[in-house]
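Report on the following structure.
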Amino acid sequence: MDDKSVNYSQDRFNEIQTEVTSLLQIVGYKAGKRINFVPISGWVGDNMTEKSRNLPWYSGPTLVEALDNLHAPKRPTDKPLRVPVQDVYKISGIGTVPVGRVETGIMTPGMHINFAPSNIETEVKSIEMHHVNLARAVPGDNIGFNCKNVAVKDIQKGYIASDLSDNPATGVESFVAHVMIMNHPGKIYCGYTPVLDCHTAHVASCFTELKQKINRKSGEVEEENPEFVKKGDACMVEIHPMKPLCVETFTEFPPLGRFAVRDMKQTVAVGVIKSVVKKEHTKMEHGHEKKVGKTVDHGHHNSMGEKFIHKGHDGKKNAMHIAQ
């Protein structure tokens, strides 16, 4: 607020508050008492810990008061384990060490885990956080964990570590998502193939079917199977990742069920995953592939997904980037 272009102006504060509120509403936030807009000056110290005489028009909390009023969310320790891999290191004398943040569940040494979507199975030998050994890791912990008999090249950024004995994660064939178009210069048609940033994964994905156009405020369906969507629209979309990807529904695992859509070096849309079609995965046993799972459908899908899976990987017919 101390910047010369602002000069503690209430009009400038109200302008920024209005613009940011509209952006928050686009991505699903409800403007109201739960969102505090606090004018501060970190350089001068205005309204940080004490009320400022330079802001006589502001009657809300200081920054510290606003932070003190926040309620810490409950850590989801009761849910199955999910740890998105941020990076993988080879440490001499220790071995392969993936690192990442525990999103849900609890990880302990000796636990048998798998990495989705590759379905590599291994055992956790030890867990460290800030160079301190842990007896268990809980949601919010940024950890490194040593894996038994796994090479660095077998694990990649974007993989999900999960407990083999408790609803292990798997890759997905497709998923249906509620997508809000925020900043796209043209129209988006079926076949649009941007990059999705979901947890630590970055994977090109194809919008294979625009199912519904939805009113952003009321949530009511405005149009079935629209021909296109554009900036400001909300829609239900069926999406197929072009490479192996592990995601979950937003209701079950929120950190793994929301994503950003990146194109033209900017975020053009955001979305939350409503349902997934999980892959039928295989593992090697005695030199042969053995099926150990089957497709699980958490929503309603039509046959378009099958057509894309069987015919769309020629890279020319269906996997087109169409944005006019």
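The values are calculated or read from the model by the stated rules, or taken from the named source; none is laboratory data. If you're wondering where the values come from, they're calculated on a predicted model, not measured in any experiment. Every residue, glycine among them, receives a Cβ derived from its backbone with ideal geometry; neighbour counts consider all protein chains shown. Accessible surface areas use protein heavy atoms only, side chains included; no ligands, DNA or RNA. Shrake-Rupley method; radii C 1.70, N 1.55, O 1.52, S 1.80 Å.
Could you compute the FRET efficiency for Glu223 and Val44, with r as their C-beta to C-beta distance and R0 at 45 Å, rounded to 0.05?
Plugging the Cβ-Cβ distance into 1/(1 + (r/R0)^6) gives 0.30.
Counting pairs of Cα atoms in segment 37-177, how many percent are more than 25 Å apart?
44 percent
Taking the dipole about the Cα centre of segment 17-101, with the C-beta of Lys and Arg at +1 and of Asp and Glu at -1, give me whichever of Trp43, His71, Gly95 is farthest to the positive side.
Gly95
Over segment 233-277, what relative contact order in percent results from Cα pairs under 8 Å that are six or more residues apart?
Here the relative contact order equals 31 percent.
Could you calculate the contour length gain from His131 to Trp57, that is, 0.36 nm times the residue separation minus the distance between their Cα atoms, to one decimal place in nm?
Extra length available between His131 and Trp57 comes to 21.8 nm.
Return the carbon/sulfur percentage of the accessible area of segment 72-135, one whole number, probe 1.4 Å, all protein chains in place.
53 percent
Keeping every protein chain present and rolling a 1.4 Å probe, give me the accessible area per residue for segment 65-134 in Å².
The answer is 57 Å² per residue.
Calculate the dipole size of segment 71-189 relative to its Cα centre from +1 charges on Lys and Arg beta carbons and -1 charges on Asp and Glu beta carbons; express the result in debye to the nearest 20.
260 debye
Would you mind pulling out the separation of the Cα centroids of segment 121-153 and segment 171-239, in Å?
Centre-to-centre (Cα) distance: 36 Å.
Under a point-charge model restricted to the Cβ atoms of Lys and Arg (+1) and Asp and Glu (-1), what is the dipole moment magnitude of segment 168-268 relative to its Cα centre, in debye to the nearest 20?
In debye, rounded to 20, segment 168-268 gives about 460.
Let me check against my output: what whole-number percent is the relative contact order of segment 1-78, with C-alpha pairs under 8 Å and at least 6 apart?
On the way: 47 pairs, mean separation 18.3, N = 78.
That works out to 24 percent.
Applying a 10 Å radius around every beta-carbon, put 56-66, 236-246, 104-114 in order of their mean neighbour count, most first.
236-246, 104-114, 56-66
For Val152 and His112 in the same chain, what is the full-extension length gain: residue separation times 0.36 nm, less their Cα-Cα distance, in nm?
12.6 nm
Rounded to a whole number, what % of the accessible area of segment 1-71 do carbon and sulfur atoms account for, probe 1.4 Å?
Of the solvent-accessible surface of segment 1-71, carbon and sulfur hold 51 percent.
Would you work out which of His112, Asn142, Ser205 lies farthest towards the positive end of the dipole of segment 109-214? Charges go on Cβ: Lys and Arg +1, Asp and Glu -1.
About the Cα centre, the residue reaching furthest to the positive side is Ser205.
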